[in-house]
Every structure is written in structure tokens, then in C-alpha cells.
There are 2 protein chains.
Amino acid sequence: MNREKVFKYIEDNFEEHLGRLQELVRQPSISAENLGIRECATLVRDYLNCLGCKDARLVETSGNPVVYGYYDAGADKTVIIYMMYDTQPVDEPGWIVPPLEGRIVEMPPFGKCLVARGAINTKGELAAFLNACESIKAVGEEIPINLIFVAEGEEELGSRHLPEFINEYLSILKRADAVFFPTADQDEKGKVQMALGVKGIVYFELELDGKGWGYGPTEFDIHGSNKAWVDSPALRMIQALSTFTSKDGNKVLVEGFYDNVAPPSPEDIELIEKLEKTFDEETVKKEMKVERFINDVHGREALLKYLYSPTLNIDGIWSGYTGPGTKTVLPHKITVKIDVRLVPNMTVEEVIPKIRKHLDKHGFNEIKIVQLEEGYGWAKTSVREPAAQAVIKTYCEFGYEPEIWPHMAGSAPFCMFNREPLNLPFVEGGIGHGGRAHAPNEYIVVGEGGPTGGLITLEESYVAIMDNLSKMLLKAKKT
Amino acid sequence: MNREKVFKYIEDNFEEHLGRLQELVRQPSISAENLGIRECATLVRDYLNCLGCKDARLVETSGNPVVYGYYDAGADKTVIIYMMYDTQPVDEPGWIVPPLEGRIVEMPPFGKCLVARGAINTKGELAAFLNACESIKAVGEEIPINLIFVAEGEEELGSRHLPEFINEYLSILKRADAVFFPTADQDEKGKVQMALGVKGIVYFELELDGKGWGYGPTEFDIHGSNKAWVDSPALRMIQALSTFTSKDGNKVLVEGFYDNVAPPSPEDIELIEKLEKTFDEETVKKEMKVERFINDVHGREALLKYLYSPTLNIDGIWSGYTGPGTKTVLPHKITVKIDVRLVPNMTVEEVIPKIRKHLDKHGFNEIKIVQLEEGYGWAKTSVREPAAQAVIKTYCEFGYEPEIWPHMAGSAPFCMFNREPLNLPFVEGGIGHGGRAHAPNEYIVVGEGGPTGGLITLEESYVAIMDNLSKMLLKAKKT
């Protein structure tokens, strides 16, 4: 492939390419609120048609449709391009621009950024990857691998119905040699990071109201003075929640919670030893506006905590009157959203039974567990896989030594591709930067010249990754 | 006074009188949200002008204005008419009509009801009392007592600035012989209830964020996966809250919380023994949609619990993502609204220091206490006071034996009139019914013929109460 020609095309068409990112973030697709999902799926399908996929389509599931498309490059090797078209909600206060308008904001030190919901998680990358593919074709070259596009619309809900799609399209998906997820993996200073896996997650709500309990108000919040003779579901839930953790909130006291936690593998230890040398703690903290880690840990200890601790987290809690000023009510109901993150070798299936058993053991049989999504397990790809080596090679070609993480602390539906029945190596990658996923002022850098790559670099890195994937997968086949 | 003539006038002018109730509830006056306050105060002032008060006016305070008016009947005795013109917010789900439209709804078994925010708490009674006063004058009679109207606009915020008014108008207020608060005191079955006092209240927020703590996210909610190495203010607050009560949420474990709790006085015991015989537990529970009291107590035990227990109640709690579906965040902040109710002889001043000491003792120095209002103490008027006897006499004249409560479990700013520097007896009363104060579908019965009085009965009872107040106060003076 004549990369130079492709890169020139990308540079010459920056404005038009940026326009596609803006178009995509302007189309809401908030899966938690069922807002704009089908419209966004249709837009992505149209993009795949444009690229030349023969059979781009919305594949229906019991939930949101998966956008599927097959691009036949006539190549020897085939890669599944995993993408997501849904986003988080936009209800957080603190946005400096409307979150769905696709505004370009000058953000020092990065330069021009697209600030919008989905900018980095992950509409920016989705659009940039398609731009990259089109650029190859626009200069008369051919994409060096066949692409099976799988863009799902329920990633933020736990990808509950993606297995339906995988089962239906199994025979097609099995033709693939690897899975690639286009991301933008530079940190604030430009360092390239690469994660070879994810933790698992189980997300549920705990709920208590007077109706289910038999005590307390059953249908509405009543006057607060009645606390003297009427029980409080909120105070009761507090007692239950307090049994889940140590006083600092960090050690989970659910029986057997840590039973299946495996120590890091020898390959992991090797990676951590390298990682420790480049791990930029201060930048990580600065991005999150966090002053100190738990117990003031640093360096290797912090990394081990981050990657190998399972967690129990309160994502949200609410009850009663939450407006300004005073309103004296005895609330009839309290709800708590909780996520549990799983590390090797914990299983999705073990979580809810252990939580239930814990509540019952402590006498809180009346508290209901509502599982909001099935959850998904942890997943890992070996750094020795050709697909991983292809991405690493690309980074080196662009002058970056990547910081390799054995896995992320976040969760993603990757495991579905990594495990039975597909068992495919899964890699992500891309040279670019963004931040504040799940937070106000989510952004992706689009201008060049700052400490990180912009949209042009990102698209060029995708071109090179495809090129290297083709080469490394072919080479692996031969050996 | 020719009561018959006045009553006939009230009956003949029902529609017009109801119109004033509707007009008043249609004017929002939500003090917690600072909505419509001044407009409502002006409307009430206009009503007082209409009645013939010489100097009705808005008296400015550091908060919302007090509406003051003096009606000079040329009488020997003077009574302060305490009223409030503010209401609770209207944000609760479950309203069957828009809460600010003043709709009349047929509600079996009561008949016609006005369903609106403020209907019973207490715009309905305010308007009805003014209707009653006007009716006396309309038939050529004179109101038998001089009236000092004091309508405050911050009752729902804890009457924080009422003391400013009292101090400014002290010399006028001191001319009064008693304070009367027009209410509607029938229960669902028509039984008349009368309360001779209130509990005290202190309302505050507990707050914890990463900024104040030094641990956890400081400025915004971050991705939930970071729980592995970043502390959670929410989980930490849960631990703190759990130390406040026993496992059932009902015994307060704050050191010294119960130290100043006095046993019921001999007069209280006497009243409780009577009360026990007519106390209709099932109706009380039905109104609140509560199946069982704490520990399944009944009768006298329930009454003692209700009236003589101080309480610590969670009015509201919130943190993180509280919308539909899943969003994995580690919240940077958690807030809890709490009210503490005081019984004799607890003081307002002792509460916050004890809460602070408790938090510190348990190692939660980082949790901030934000006092939302100064709070007010408990208050009691003896059943032997002529003002109390005047209301009781009225009930008997209308054919009701009142159920007398030594005090309510609720709180109100009465204590300001009951205590230094005024030390006035305080009574409330009125024959009518309403419900769901601080809850959706707040209502007041306006039609007659159901188990309770409607608007006509309510207004007639106010006329009789004024008549009896005049007589009993004069009689007391003579003896």
C-alpha cells in the first residue's frame, strides 16, 4: 500500500472528515434513555454502504439493533471491526457547550477539540476509522484486509443482546482472524497506551420500599414527623449497605467475594514491570481531578490495586426529597445502583448469589436485587498474538513506544469475542487523545500540533494498523 | 352576635368563597424554590385590605416578607391570627391533577374536594378564615375580637426570619391575649382532633465530596472502574450514616441524644388516657398507607412513641447517577438531608454539636454539616387556658367531642409565640378535613354531606371560635 498517498489524501480532506465526526455526535444515541438509537444505527449503516459494504444492514435483536456490514477486499485475512454507536446520557451538570451540538473548542494544550457526548467514547473513533478506510479507496488503493463491521447500540447498557447477534452471524464471524476496536490511546502528554484486556462487570440495583418490607410508608413519601412511629426504608437500607464494606469503603466484606481472585500471570508480571517504568501517575490523577489514591499508594502498588482488585462501587443512590431547601418527608423508597468489577478468575454468575446470600445472612431479606444487565466477564489477549504485535509495530513506526497494560480496569463486551464460541484475539488501538468519558465535557483532540495527535494522525494510524494487521496475520499463518 | 344570620350568608355565598381558595392555590408560593412568594404575599395583603385592616402591609425581613394587618373591632380582647402563605414544592410524582390549578375533584367518601398544593397546608384555611371574617361584617355584625394578622412566608423553611418580625412588632403583638391558627382538624371519619403543641425540629444536610475529604474525585463523577484505586465519598458516607442508628433504623445512637427527654407531665398523662379511648389507629395508618407501626406497637404504646420520641430521619439522599438504566460512575459527592425532632425538654441548640461530636468520635471529621434552618423548639399550651377552652366549646356546640392531643409530632413555629418574650397561649382549630400535606394530591374537603365538614362548616366554625374566644377571654379576665 502506498501509505504516503493515503496520508496526503487524509491531510487534504481534514475539514470534510471532521464534519463526519460532528454529524455523528449530533445524532443522539443515548441507550439508557432509548433516545435516537435507531436513527443513529441507520446513519452508521449508511456510512457502511458508502464505503462499499455489500450488505450493510441493521440486525434486529431483542434490544437495540447491531449494525453489520461486510467489506470484501478480496484479501487473505479478515478482521472484525468492533464498534459501538450508543453513548452515555448527557444529564451531568458542568458542560461548557451543549453536549449534542458537536462544537469545536480550543482547549490548551491540545489545540482544537471536539467537545461532545460520544466524542471519545466512541463516535469520534468510529467516524475516523471509516474516514481512514474511505481514504485508502479514494486514492485508488485497496483495503488490505476484509472487514466485518459490528457496531452495537447497547455497549453502555452492558451489551446485553450482542450474544444474539453473535449466534446468528456465527458462521460469518468465524471467518475472522482477529477483532480490532478503533480507539484513541494517547494520554494527555501524548504517550501511547495499549490495553490487552478488560475487567468484567455486574450491574444491579438494590431497592427497598415499605410495600416490599411490610414496614414504612408503602406508596408515597409521608410527613417526616411520622418517623416516630413509622419505619424508614432509607435508614434501613443504610444499615444494609454499611455491611458491604470496611469503614473506609474499600474492602468488600461480602463472604467469598475474593475467593476466585487469581494472582497476576507470569506474562502480566512481565508487563507490569515494564509498565511501572513509564506509568505517569500524576497525569492520571490530574485527568480525574483526584488528589490521592486509596491509602496513598503509588507506582507498582497502585497499578496492582487498579488492575487486580475486584470492586464494589455505588454508582448512584437516591431517596426522598433531593431539591433545594427543606422538605420534611419520610421517604417510602430508596434505590441504590451498584457495579461489581471482576478480575481473573471471577465469574459473572457468582456475583448476584453472593450479594443475595450476604443480605440474607445479615437479616436484610426484604431488600430486593434488580439486575439491570447480565454483565460480562473479564477478557485478555496475549501480547504475543500477531494482532497485538501489529498494533505495537504501528506505534513504533509512528515514533511511539507504547505503554502496554495487561488489561484495563474498565469493562467492555470484548469477552464475547475472546471466549467461546469465537475465541478470537482482540486488540484496540489508534494514535489520538480524548477524555472525560462518562463525564461532562467529553472531548477528542482533532487539531494537530499539541502534545497528542489530532484527527489526521488518528486516521493515518488506523491506515497503518490495517496494513500491519494484514502483514502480521499473514506472517503468522506462514510460520 | 347573630350567628344564624352569618351562617346563612356563608351558605348563600359558597361558590364565591370557594373561588377565593382556588385563587389562592393558583398563586404559587413555594418557599423552598423561591417561586411566587412576593406575588402571594401581595395577594394576601390585598385580602386583608379588603377585610378592612387599617394598615395591611408586607413587612420585610432578611427572608420572605411577613404579611401583617391589624383589624380593629373596637373589642376588649385581641387575638393574633397566625397564618402561613408559603407551601411545599410540587415535584412529587403521582398527582392526579396539576398541583397548581385549583381543580375540584369528587373524592369518595368526602364529596367535592379541592386538590392542590397548599389546599390543607394551609391556604384553604387561610382563605376560609378570611371568608368567615368578611361574612360577619357582610350581615352587619362586628367581629367580636380585634385581630392581629401575621401571615408568614417561610413556614416550610423553618420560619427562620419570623423572629425579626416579632422583635420589630413586639409592642403591638404584646397587646394580644392569645394566638389562634385557623386549621381544619377533622380526620377522615369526621372526628375532631385538637393538638395543644408541637415537637421542635432541626434540619440539616450532611455532605461529603472528594475536595473536602482529600480522597476520592474532587470535581466531577469519574468512570466507575476507578473505584479500584480511588476512594468513594458515597461508600464512606454510608459508613458514617450507619453509626447514627440501630440496625432497624429506629434507635438513635448519637451520644446524649436522649439525655434531656422528659417523661410526659401529669396533664399529658391525663390527656393520653382520654386520647387512647378514641384514637383511631386504622384510619391514621390508612391515610398514610402504612401497614404497621414500628415494632408493631398499638394503642397507648403507639401514642407514647409518636409523641414522646425524639427522631432522626433521612428526608432525602442523593449521589451519582440516578436516571434510568446503567451508568458506571464513581460519584464525587453525596448529600443527605436529615431532620431531628425534639420533645420536651430537648433544645434546638444541643442538636448540631451532638451530631458533630458523634461524627468526629467515629472518625468522620471530613463530613460537613450544613444547617439549612435554625430550627425551632417544642411548644405546649395547657388545656386549661381560656383560648383552648374556647375552641373546645365550639366543637361541643357543633356536636363534636374533640380528641385532644397534648401535642403533635409535627413541628411549627408556634414556640415563638409561646415562649419569651411573648409567652402567649397558642391554639389552633376549625371543623373541616384535608390530607396529604407534603405529599401528592393534597386536598381539602369543600362539599358538605360526607363524613366531614366542608367549606361552609369550616367557615362557620371559625365564626363560632371567634365568638367563643371573645367570651372565654373576657370571662377569664373577670375571674
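Each reported figure results from applying straightforward, stated rules to the coordinates on display, with no laboratory input. What you see is a predicted model, and the numbers here were worked out from it, not measured in a lab. Reconstructed Cβ throughout: ideal geometry from the backbone, glycine too, with neighbour counts over all protein chains shown.
Some values worked out for this structure:
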read-out: Sequence-distant lysines (8 or more away, or on other chains) whose Cα lies within less than 21 Å of B:Lys77; value: B:Lys54, B:Lys137, B:Lys174, B:Lys393, B:Lys471, B:Lys475, B:Lys477, B:Lys478
read-out: Other protein chain Cβ atoms within 10 Å, averaged over every residue that makes up B:31-40; value: 1
read-out: Relative packing of peptides A:191-199, A:49-57 - highest average C-beta neighbours within 10 Å first; value: A:191-199, A:49-57
read-out: Copy-to-copy label separations for A:Asp72, where each label sits 7 Å from Cα toward Cβ, in nm and ascending; value: 10.3
read-out: Nearest-20 debye value, chain B charge dipole, Cβ charges on Lys, Arg, Asp, Glu; value: 680 debye
read-out: For the range A:10-85, convex hull of alpha carbons as volume per residue, Å³; value: 112 Å³
read-out: Computed magnitude of the charge dipole of the protein assembly as shown (debye, nearest 20; Cβ of K, R +1, Cβ of D, E -1); value: 1220 debye
read-out: Separation of the A:Asp46 and B:Lys285 label points, Cα + 7 Å toward Cβ, nm; value: 6.2 nm
read-out: Distance histogram for the range B:328-399 (every C-alpha pair counted, 10 angstrom bins, percent rounded to whole numbers); value: 14, 28, 22, 15, 12, 7, 1
read-out: Cα centroid separation - the range A:437-460 against the range B:270-301, whole Å; value: 65 Å
read-out: Ordering of B:96-104, A:64-72 by burial proxy (mean other Cβ atoms within 10 Å per residue, highest first); value: A:64-72, B:96-104
read-out: Residues A:Glu460, B:Glu287, A:Glu349 arranged by fewest to most Cβ contacts within 10 Å; value: A:Glu349, B:Glu287, A:Glu460
read-out: Cα-based convex hull volume of the range B:205-333 per residue, rounded to whole Å³; value: 155 Å³
read-out: Förster radius 41 Å - calculated FRET efficiency between A:His362 and B:Glu276 (Cβ-Cβ, nearest 0.05); value: 0.65
read-out: Exposure proxy ranking, count of Cβ atoms within 10 Å, fewest first, for A:Arg384, B:Arg292, A:Arg20, B:Arg236; value: A:Arg384, B:Arg292, A:Arg20, B:Arg236
read-out: Sum of -39500 (n - 2.57) over DSSP H runs of 4+, divided by residues of chain B (222 nm, nearest 500); value: -10500 deg cm²/dmol
read-out: For B:Ile369, label point 7 Å along C-beta direction: distances to other copies, nm; value: 3.8
read-out: Estimated D of chain A in µm² per second, where Rh is the Kirkwood radius over Cα pairs and Stokes-Einstein applies at 25 °C, 0.890 mPa s; value: 103 µm²/s
read-out: Straight-distance crosslink candidates among aspartates and glutamates, where the alpha carbon sits under 18 Å from B:Lys285 and sequence neighbours closer than 8 are dropped; value: A:Asp209, A:Glu219, A:Asp221, A:Asp231, B:Asp185, B:Asp187, B:Glu188, B:Glu276, B:Asp296, B:Glu301, B:Glu403, B:Glu442
read-out: Normalised contact order of the range B:314-381, rounded percent, pairs of Cα under 8 Å and 6 or more residues apart; value: 28 percent
read-out: Kyte-Doolittle mean at least -1.0 and Cα axial length at least 30 Å: DSSP H helices in chain A; value: A:455-478
read-out: Listed residues A:Asn64, A:Met107, A:Ser470: farthest to the positive end of the dipole of chain A (Cβ charges); value: A:Asn64
read-out: Additional length obtainable on full extension of the chain from A:Glu374 to A:Ser246, 0.36 nm per residue less Cα span; value: 43.4 nm
read-out: With 10 Å bins from 0: P(r) over the protein assembly as shown, alpha-carbon pairs, percent; value: 2, 11, 18, 19, 14, 12, 10, 8, 4, 2, 0, 0
read-out: Anchor A:Lys286: lysines whose Cα lies under 24 Å away (excluding residues fewer than 8 positions away in-chain); value: A:Lys112, A:Lys189, A:Lys191, A:Lys199, A:Lys274, A:Lys277, A:Lys305, B:Lys211, B:Lys227, B:Lys327, B:Lys333
read-out: Shielding by partners, peptide A:328-338 (average Cβ within 10 angstrom, other chains); value: 6
read-out: The range A:419-461 pair-distance distribution - Cα-Cα, 5 Å bins, rounded %; value: 6, 20, 19, 16, 14, 10, 10, 5, 1
read-out: Inter-chain shielding of B:438-445 (mean C-beta neighbours from other protein chains, 10 Å cut-off); value: 3
read-out: Inter-part distance where the range A:328-388 and the range A:209-258 are each reduced to a Cα centre, Å; value: 18 Å
read-out: More than 16 Å apart - percent of Cα-Cα pairs taken over the range A:305-359; value: 61 percent
read-out: Antiparallel %, DSSP beta bridges [both residues in the protein assembly as shown], to 5; value: 75 percent
read-out: Listed peptides B:262-271, A:425-434 by packing density, highest first (mean Cβ within 10 Å); value: A:425-434, B:262-271
read-out: Isotropic mean projected area of the C-alpha convex hull, the range A:98-179 (nm²); value: 8.1 nm²
read-out: Ascending count of other beta-carbon atoms within 10 Å, so fewest first, for A:Lys112, A:Lys8; value: A:Lys8, A:Lys112
read-out: Additional length obtainable on full extension of the chain from B:Leu474 to B:Lys211, 0.36 nm per residue less Cα span; value: 88.4 nm
read-out: Chain B, relative contact order in percent, only Cα pairs under 8 angstrom and at least six apart counted; value: 24 percent
read-out: Residue among A:Pro331, A:Val351, A:His362 farthest towards the positive dipole end of the range A:294-362, charges placed on Cβ; value: A:Pro331
